[in-house]
Every structure is written in structure tokens, then in C-alpha cells.
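Data first, discussion second: the structure below is written as C-alpha cells.
The values are calculated or read from the model by the stated rules, or taken from the named source; none is laboratory data. Every value quoted in this text rests on a predicted model; they were computed, and no experiment measured them. Cβ placement follows ideal geometry from the backbone for every residue including glycine, while neighbour counts extend to all protein chains displayed. The protein model used for the area step is the full one, side chains on, heavy atoms only, and it has no ligands, DNA or RNA in it. Shrake-Rupley method; radii C 1.70, N 1.55, O 1.52, S 1.80 Å.
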Amino acid sequence: MKFLTTCMIAFALFINSSNAASPADIPIEDFFSDVAYSDVAISPTGKYFAIKSTKGISDNILIFDRANKQVTANFTFGELQEFSQITWVNDERFIFYGQRVEGYLDGSSSRGSWYAANADGSNRRELFRSERSVMNLTHLLPDDPDHILVSKYHFADGFKAKVHRLNINDGRTYFVADQPNEVNQVLADNTGTLRAAHGFETQDDGLTPEFFLYYKPLGEESWKPLSIEGYQPGDSVSFIGFAADNRRAFLIGNFETKTSAVYELDTKTGELSMITHDSISDVSGYETDLDDQVIAVTFAPGKYERIYVDDTQSAKLLKSLEQAFPDQQVFLRNGTADGKYAVVRVRSDKNPGEFYLFNTETLQASYIASSRPRLNTSDMAEMRPFSFTASDGVELHGYLTVPKPDRFGRTPPLVVEVHGGPMGIRDYWGFNSTNQFLASRGIAVLQVNFRGSGGYGQEFMTSGYGQWGKRMQQDVYDATQWAIEQGHAAKERICISGGSYGAYSAMLALTQKPDMYQCAVAIGGVYSLPLLRATTDSAGNEQARKSFDRQMGADMKALEAVSPVVFADQITKPILLIHGRNDVRTPFSQYEVMLEALNKHDKSVETWVHDGGHSVYSQEERFVENQKILDFLSKHLALR
């Protein structure tokens, strides 16, 4: 463990570029082992680090005394327990959220709880358990070391927000009456005063939301509704936070643009104006400074693009750090109360994540830890954004991870990796362990954000409705053909792979385009759409049924007509079929009916069944799974 090796920023960039091995020599464990360090937060005085790591199939939080270089406390709650939102609330006490998870694709199986503890491990307390209600952090109240603002949501109130002041020592809460009724979120300004709120009501179809907003004018005590010209039901709009001056509030909405835009509300005059917008990408996120004030927003048309909306000292610091770490994403994790130190996270397509302690006075960076310390950035492959025109004229976007050229300069084999979801989900630029593992073995990886994907505007997403097995599928084929025509892939050495919906797409591709793909890897897939509707974990939920009908259709015969299990007799290429026995998202019955159909027609199929859910649980299972995938691809892509 390399803790706190002091270095200038320029030298910090060199840390992971030395001692590089041949990519093909990198062990599989280096790509898929548990993440060593995934979060670091410094205490207000700078005395401690709270460090999150993963060991086995559970998360740990270590409290590290910087002066004594000792761990003062260690927190773990057993198997399949995930920690998040680690936040120092005063000099000696921090809070965090813990919940049980079933795998990286499953999400949580319980709502979890909020906890608090002292840096020395004393006074450990469960502050709030999410059962019939949930709780979110609203404001830290830095001038009140014993309390924070939280928003509670209870099922009996339709999960409307109710703000409370929470005592972090004993868990007692006190309702804050100063807020509008029937809202879904309430935001505080930089002083901790509740000043902005938004909510929505669902239209008669049970699916279309109509948003409404309130704000409290600067220097006034009463709430005012915010009327937005041109807004229509179905458009989205919400507050994200305040500027340093507390006069300006920022919003994100798509009520006058195809992709979401960023707006500034002058809370003194009530004037609302657009301040930035990207014609390709929705807003993918926003950044706050060390005082939790909004300073920038991010778009992702290809690589991430950050646009600054305020010019605080933290914004200037972040801009300078971006220049010091070119071609990488830089984030301010948190800082000390006096502003002298800030924890900075750096990541990119080649860098899985590194943490540094930055001294704002000396402009020196001290290395803290890496997410995957055994990987060298110089060994990693480049992920290149691309765009092309689909066969029907629509522009599509995606990413191509390119392995280092072999010594003969041959065109590499290609795996087309189809993302899951599918609606509203998309692939992004950044480090991807699977992509890097395959690239280290000489395989290129193509990812396309087909119609139905999120991040490119509401119209693009809804254009995928009713298009399972149709236009969404054709977009994948068009992207594959583009890669061939551009010389990125050897035509006779292409396989297709994916998990969940991606497995559905991969399996269907072998029936619709048998000459385009030499094999398919299908992980936790959907193979019978009528069966999915009856057995998935959301079956029986009325809201889920309506969403299913809108996105996929309600005609059972039409759904059957685009189900891969029906066309098993047409498959001529080999398949690797992987599934978890405890999968509740795409139940094990999906695997059983697909395997039965393949065996009935004597098709070439290899299988691996694990004890996890929608994905594997442990790093040992990840090693096995990815080695099986590589062995399978090696046979059918003729890897040398």
C-alpha cells in the first residue's frame, strides 16, 4: 500500500507509467479483483482519512490517522454489504449509508440504513433504518456540529419529502416546518436555509410526469411557485443547487431543447435563463466545490466535457488540476474546513481511479491510494468515442476500445458489447475492466448507444419504444458494419456479447445476422419476453406493467415474435450461456428455456451457472467467469 508519497503534480502523473509489462502478461486477477480503494474523504481538521475498500464480498471503511499513520477504526457489516455516501459531519464524527447488494447488476435487495460513528470507533449508531420510508442527506449544517438536515420519504405520504433536523449523536429528528407541501425534493442554500423545491404529479396514463417548482426569493421568507413558459407535461425540470452568492439557483430541464439544458434562476428577480446546452448529450452530472456550491456541469457527447457555471476559488483550483492531469477527469472529493487541503480523484479510460491530497497553498500533491494499484496506465488501451450515420439516417454514438497493435500490424478481432437496460441506460467513456482485459489479449471492443439508450434526449430514448428485436437491434448491426468498413475489425473474426438486455441482443443477432458474428456470449439474459413479463421481480407491480407495455408492447404474440428462444433452430454459431441461480431480474427460468431449445436442436452451446444473482458476487467468481469468456472467444476468434 503506497500511502502519502509526496510529489509535485507533474511527478504524480508519472506514478503509473513505469514498470509496465506487456499487456498480455497482466494477470486476470489485476482486472477483476476487489477494488482496493474506491473512496477517500478527509476530516474537517485534516486529522483523518475515511477510506473505503472492498474485501471479499463486503465493503470496509478504515479510519486512518494521518499524523500517527495508524488505522484507528475499521467498519464492516459482513457479506454483500455495500457502503456509500461517507461524509464527515464534524471533526470527529462521520456518517455513511449501508445496504445489502446482490451483485453489480442487481442493485440492492434492501433499502439499507444510515449509520454514524466516531473516528476512534466509539458511539457507533444506526441513525435511520429504511423499511417503509427512506432518508437522504440535504445539508451538513457546518455551523451546527451535532445536527444535519435530512429529507425523509414515507410510503404513506406517497414518498413526498419531509425535511428534518437530525441529531448525529442519538438519531433523534425534528421536523422543519418551513417547506412546500407535496414536493419530492427540497434543497437548502449554502447557509442551510430551505430555498428551492420541486415535485411532480403523474398524469392519467400513470406514466407521464408533470413537474412543479417553488423557490424562496433571496432575503424573503415566503415560498413562490416558479412558472416556466413553454413547459409541457412529460418535460423534466429540477433544481440541482445554488451558486456561491446564494442569489442564483441552478436547474436542469428539457422543456425547450431536445437534450437537457442548464438554467440559472435569479431568485431576487425571478428571471430564468439558459446558460449552457449540448446539442448531442443530456447533462450527465454536475460538480460542487469544497463548500458544496454548484460550480460546473458535465456533458458526455463522447468524452466528458465540463462547463463551469461559477468562478469560485474551488472552480479555479479544479481548472488548474484539469490542466495538470490532461485527458482525465478530475474531481474534488472534499476538503478541510480551512481550505488548505483537498482530496482529489483522477480517472480516465486508462486510469481506474487514483486519490491525491492536494495542498492549495504549496500546490503539491500527495498520492493517497489507487483503485487498482497493480494496473499501469501505460499498459491500458485507449477508448475512442465515435459517431456514424445509421442505415436510416440517424446519427449514433459509441466507443471503440482499441488494443495495442500486434507486431504484424494485423486488424484485431472484435467483440461487440451490447449494454443492458436497455431504456435510459447508456455506455460512457471511462475505465472498463472487461474492455481492458479483452484489449490486453488483443481484442477490440465496440459499444454503441442504440436507440432507447439514455443520455441523448427524451426523443432518442423513446424512439426505442416497441423496437426490441427491430430498430434497436439494427443499430447494433449498423455499428458492426461501420467498424468493418472503417478497418477496425476483421470481418471474419467478430463475436457479440452482453448481459441482461445485451444477452438478448447477442442471442437474437445469431438468428438475424448469422454471417456477421462468429459466436455469442450471453450473460443473465432475456430470451422469452412473455416469460419475462410473468416472472421478473417487478411482475405484479402496476407501474412496472404500464412501463413494460409502453416500452415493449402488450401483444404477447408480438413479443414472442422477437424472442430468441423461438428461433433457436436458426442458430448456427456457438454460444456461451451464463446465468445466476438466484437471478430475480431475469429469472433462472430464462436460462432453462433457452438451453432446452438449443439442446432440442442440437446447437453448439457451452454453459456456466453460478450461485449469484443478475451478476456474480465474489472476485473468485469474476475470475472464473472472465476466464471462461476468454477461453470461449479464443476458440472462435482464432486468437494467437
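Annotations
- Using a probe radius of 1.4 angstrom, the carbon and sulfur fraction of the accessible surface of the chain is 46%.
- With 0.36 nm allotted per residue and the present C-alpha distance subtracted, the Asp205-Ala544 stretch has 120.8 nm of extension available.
- Nearby aspartates and glutamates by direct alpha-carbon distance to Lys513 (threshold 12 angstrom, same-chain neighbours under 8 apart not counted): Asp478
- In terms of the mean number of neighbouring beta-carbon atoms within 10 Å, the peptides 376-382, 161-167 order highest first as 161-167, 376-382.
- Within segment 381-637, percent of DSSP bridges classed antiparallel, to nearest 5: 35 percent
- Length released on extending from Asp338 to Ser387, taking residue separation times 0.36 nm less the Cα-Cα span: 13.1 nm
- Whole-Å distance, taken between Cα centres, linking segment 207-223 and segment 341-368: 38 Å
- Neighbour cut-off at most 11 other Cβ (10 Å), DSSP loop, trypsin sites (Lys or Arg not before Pro), segment 378-462: Arg407
- Where GluC sites (Glu not before Pro) fall in DSSP loop in segment 173-244, at most 13 other Cβ within 10 Å: Glu182, Glu220, Glu221, Glu229
- Estimated from the Cβ-Cβ distance and a Förster radius of 22 angstrom, the FRET efficiency linking Lys69 and Ile28 is about 0.10.
- Degrees between helix 542-552 axis and first principal axis of the chain (Cα, 0 to 90, nearest 10): 50 degrees
- At most 15 other Cβ within 10 Å, DSSP loop - trypsin sites (Lys or Arg not before Pro), segment 33-98: Lys69
- Spin-label model, Asp91 to Gln486: label points 7 Å out along the Cα-to-beta-carbon direction sit 5.6 nm apart.
- Each part reduced to its alpha carbon centroid, segment 139-166 and segment 404-468 end up 39 Å apart.
- Highest-first packing order for the peptide set 487-500, 296-309 is 487-500, 296-309, based on the mean count of other beta carbon atoms within 10 Å.
- Scaling against 2.2 N^0.38 Å puts the C-alpha radius of gyration of the chain at 0.99.
- Distance from segment 571-638 to segment 34-51 (C-alpha centre basis), Å: 38 Å
- Amide proton proximity set for His614, modelled H, under 5 Å, gap of 5+: Asp106, Val584, Arg585
- Of all DSSP beta bridges in the chain, antiparallel share, percent nearest 5: 85 percent
- Summarising the label geometry, the points placed 7 Å from Cα in the beta-carbon direction at Asp311 and Arg129 lie 5.3 nm from one another.
- Extension gain, Ala554-Thr411: 0.36 nm per intervening residue step, less the Cα-Cα distance, totals 47.1 nm.
- Note on segment 162-221: percent of Cα-Cα distances in each 5 Å bin, starting at 0 and stopping at the bin with the largest distance, equals 4, 16, 21, 19, 16, 11, 8, 4, 1, 0.
- Take each peptide in 111-117, 385-391, count the other Cβ atoms within 10 Å of every residue, and average; sorted highest first, the result is 111-117, 385-391.
- Segment 240-386: translational diffusion in µm²/s, Stokes-Einstein, Kirkwood Rh over Cα pairs, 25 °C, 0.890 mPa s: 147 µm²/s
- Applying the Kirkwood pairwise sum to the alpha-carbon positions of segment 583-640 produces a hydrodynamic radius of 13.1 angstrom.
- Computed FRET value (nearest 0.05) for Asn181 with Thr362, which takes r as the C-beta separation and R₀ as 41 Å: 0.20
- Shown in residue order for segment 499-504 are the 3J(HN,Hα) couplings computed by the Karplus curve 6.51 cos²θ - 1.76 cosθ + 1.60 at θ = phi - 60°: x, 6, 4, x, 5, 4 Hz (x for Gly and Pro).
- Helix 588-600 vs. the chain, principal-axis angle (Cα, 0 to 90°, nearest 10): 10 degrees
- Sequence-distant contacts, meaning Cα pairs under 8 Å at least 6 residues apart, place the relative contact order of segment 147-292 at 13 percent.
- Just so you know, the Cα atoms of segment 381-637 work out to an Rg and Dmax of 17.4, 58 Å.
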